[in-house]
1. Taking the 0 to 90 degree range and rounding to the nearest ten, how far is the long axis of helix 196-206 tilted relative to the main principal axis of the chain, both from C-alpha atoms?
2. Cα axis of helix 39-51 to longest principal axis of the chain: angle in degrees, 0 to 90, nearest 10?
3. Relative to the first principal axis of the alpha-carbon coordinates of the chain, what is the inclination of helix 159-170, with its axis defined by its Cα atoms, in degrees from 0 to 90 and to the nearest 10?
4. Can I get the semi-axes of the chain's equivalent ellipsoid? Compute them from the C-alpha gyration tensor as square roots of 5 times the eigenvalues, in angstrom, largest first.
5. For n ≥ 4 DSSP H runs only, could you compute -39500 (n - 2.57) per run for the chain, divide by its residues and tell me the 222 nm figure to the nearest 500?
6. Above 17 Å lies some portion of the pair distances; for region 10-51, what is it as a whole percent of all C-alpha pairs?
7. With charges set only on the Cβ (+1 for Lys and Arg, -1 for Asp and Glu), what does the dipole of region 67-146 come to about its Cα centre, in debye to the nearest 20?
8. Near K109, which aspartates and glutamates are there with a Cα under 19 Å away, not counting those fewer than 8 places off in the same chain?
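Only the coordinates and a few stated rules stand behind these numbers; no lab work does. The structure presented is a predicted model; accordingly, all values stated were derived computationally and were not measured. A quick note on method: Cβ atoms are made from the backbone with ideal geometry, for glycine too, and the neighbour counts reach across all protein chains shown.
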Amino acid sequence: MSKYRRGDERDQLLADVAEMYYVQDLTQAEISRQIDMTRSAVSRMLTEARDKGIVEINVRRPLRFDDDLEAALKERFGLQAAHVLVGQRGVGYDKLRCQLGLAAAAVLKTLLQPGISCGVAWGTTVSATIEALDAPHPLPVQVVQLVGVLRSNSHAFNAQALVDILAGKVGGEGVYLYSPFIVENAATARSIRNIPDVRESLEAGKGCDIVLMGIGTVLDPAYSSLYQGGHISLETLERLRRDGAVGDVGGVHIDIDGHPAGGDFNERMVGIAGPDLLAIPTRLAVAGGVAKAEAILGALRGGYTNLLVTDSQTAQAVLERDGGKS
């Protein structure tokens with residue numbers, strides 16, 4: 001007689017069966033004998049456990065990299081290193097973002113050393129990188145918020161939340177920038193930057209050893225995280241384009257040659273300034289998707305990143321837009 005009586009919870013039975021099969025590596029026949037049910041009933045319960053979310057199956061596909069494209073990017077733009085994922089045709093942006101996060105997390109893990117200071121911007125690939133990071137041993141590092149906060153419930157655009165998560169994972173200390181990201185005019189932004197606590201945080205950002213950042217685009221509304229997240233209007237996005245911007249790096253808007261662009265947007269921003277960002281020794285940028293090719297090219301030409309994680313289709317597009325194939 002089965003030890004699971006009528007009064008037992010069904011989900012507990014499903015969890016027990018799933019644990020025997022997936023964790024203890026018992027066969028369905030062995031499980032059926034243990035719980036006194038038929039093998040076909042065990043099979044149905046394993047399916048039900050997956051359908052109910054009691055069992056979640058994750059396949060972590062090994063990442064493959066394109067050595068030729070990495071070498072071409074490194075030589076063309078004088079990078080410290082490039083990591084180019086071999087892209088899979090038909091993969092959506094969400095999956096690509098997760099793959100880029102895994103690759104960037106592996107790079108970031110090698111860079112984080114005791115006593116260093118790591119600056120963090122916001123963005124979906126930054127969030128994916130931090131989420132994927134595995135830090136088994138505590139590291140006494142300082143994690144610095146480089147840009148002000150956007151009004152968002154998403155961790156991807158909440159710089160303070162990202163600093164919290166990364167500092168918690170590595171066992172480090174967070175330095176926070178308590179200000180909005182964008183304000184109505186340059187004068188207000190200057191006043192906020194002069195608030196002692198804000199000024200102190202910005203100074204900490206200038207002294208970072210490493211920065212982790214994404215690269216955003218303004219050319220395609222469908223791939224503009226700032227627009228899709230409701231943080232800027234379509235009118236603002238169009239104005240940024242008219243004023244020569246192709247995207248942003250750590251919130252700093254640039255044109256395709258890497259020069260500051262976007263009208264007064266950069267002056268209205270509260271966060272690390274372009275020259276201070278360029279002075280950080282290791283600038284790890286994580287970005288992919290062909291729609292971001294112009295923005296990535298601008299970041300590379302302007303020297304805003306010297307360590308790039310991207311995908312092969314995007315890397316090829318960047319090289320072609322720079323005036324020649326790899």
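1. Here the helix axis deviates by roughly 80 degrees.
2. Orientation of helix 39-51: about 20 degrees from the principal axis.
3. Its long axis makes an angle of about 60 degrees.
4. Largest first, the chain gives 43, 24, 19 Å.
5. Helices in the chain give a 222 nm mean residue ellipticity of -12500 deg cm²/dmol.
6. 13 percent
7. In debye, rounded to 20, region 67-146 gives about 120.
8. Qualifying aspartates and glutamates at Cα under 19 Å: E131, D134, D164, E173, D209.
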